[in-house]
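What follows is calculated from the coordinates using simple rules that are stated; it is not laboratory data. Remember, it's a predicted structure, so these values are computed and weren't measured experimentally. Here the Cβ positions follow ideal geometry from the backbone for every residue, glycine too, while neighbour counts run over all protein chains shown.
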Amino acid sequence: MTKHNSLLSRFSAQNRIETHIWPADLNQISPGTFDIGLVASFGHLIDESTVNLFDKGLFNVHPSLLPRYRGSTPVQAAILDGLSETGCSIMKIPPIAKFDIGDIILQEQLAIRRREYAHELRDRLADLGGVMSERLLLNYQECLLSAKPQTDEKKSYARKLKPEQGLLQFRSEDSQLIDRKVRAYTGFIELFTYCLGGLKVWLDNMRDPSEVKQYGINRLLGAPECGSVTAGAIGNPSAPGTMHFHKLRQALCIKCSDDSWVAFESVTPEFKPRMKALDFYNGYMSKVDKSHLITDI
């Protein structure tokens, strides 16, 4: 079963694999017609009549250690919360139209790598889920023996992302939170902030904060500009939200609430073509008084 014109439906057509379009075709199929079913990233509640189509059950591959992070964004939530590990669960879908509540059949942990982005972790969890799915299909009866119901302990939810969650607030958020937000949301929603009196800018290609520490920005801003090394900094380099274009490093550096700096290679005003930090400095930062070079939030 798949949705119309999905990647799976196109793959099936190319390889002459029989498909049923969900939900249009379901009323024409008798209960128990199929042996076993697996879903992953399906994104829809599955009702009792659909579950009953599968004689041995319908199972869901979910990229978290259930019951933690039920819902549609468990990978992003794990990155945002700064976890050191997450995992993958296979649960049996009950005939109840609720997300991610069924008995756990298989569960495996997976370490989160240093500064791993959500899209990278998602792909590794997909590989793990594939291995676990094969294990379930080849050892169905044995796997069912280890089934255990979910409890309310450690239960949490990972809701669908909203565009406003991409707001980076440098004057109140520390560098670790900014880094986690960037790694959790990149590729899913836009990251942005406001500066120069209400200008909305998209921020991309964040540098590793440990690398930015080596720039010595506080020291540089304590002295007059030297050649092409520094430019575009507010007069008070101790204020959170301070923006500084580092010419040598070709990055826009912004000070966070914990007095640490983060840096971005791309800074693009809303409704403008994507631009590098240098272009943003030349086109915007260099044209205003230095006392305005601090983020609005």
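Across the chain, the longest run free of exposed loop sites, meaning GluC sites (Glu not before Pro) lying outside DSSP classes H, G, I, E and B with no more than 13 other Cβ atoms within 10 Å, spans 19-152. Run down the aspartates and glutamates and flag those whose C-alpha is under 13 Å from the C-alpha of Lys255, throwing out any fewer than 8 positions away in its chain. List returned: Glu173, Asp174, Asp179, Asp296.
If you take the beta carbon distance between Leu45 and Leu199 as r and set R0 to 41 Å, what does 1/(1 + (r/R0)^6) give as a FRET efficiency, to the nearest 0.05? The calculated FRET efficiency here is 0.50. Extension gain, Gln141-Glu108: 0.36 nm per intervening residue step, less the Cα-Cα distance, totals 10.0 nm. Ordering Leu138, Leu278, Leu128 by the projection of their Cα atoms onto the charge dipole of the chain, which places +1 on the Cβ of Lys and Arg and -1 on the Cβ of Asp and Glu, puts Leu278 at the extreme positive end. Note on Leu26 and Leu167: their simple-model spin labels are 3.8 nm apart, each label 7 Å out from Cα toward Cβ. Which of [x] 18.5, 61; [y] 19.6, 57; [z] 24.5, 79 is the computed Rg and Dmax of the Cα atoms in Å for the structure on display? Correct label, based on the coordinates given: [z].
Count Lys and Arg as plus one, Asp and Glu as minus one, and take only other residues whose Cβ is under 15 Å from that of Gln150; the net charge is then +3. Using the Cβ-Cβ distance between Asp296 and Lys160 with R0 set to 25 Å, the FRET efficiency works out to roughly 0.35. Pairs with C-alpha atoms separated by more than 23 Å, drawn from the list Lys98/Lys155; Lys162/Lys276; Lys56/Lys160; Lys162/Lys213, are Lys162/Lys276; Lys56/Lys160; Lys162/Lys213.
Here r is the Cβ-Cβ distance between Thr33 and Val131 and R0 is 25 Å; the resulting FRET efficiency, rounded to 0.05, is 0.35. Result for the chain in a Gaussian network model with C-alpha springs under 10 Å: among Tyr69, Tyr117, Tyr215, the largest mean-square fluctuation is at Tyr215. Among residues other than Leu80 with Cβ under 9 Å from its Cβ, the summed charge is +2 (Lys and Arg +1, Asp and Glu -1). How far apart, in nm, are two points set 7 Å out from the Cα along the Cα-to-Cβ line at Lys98 and at Thr151? Calculated label separation equals 1.7 nm.
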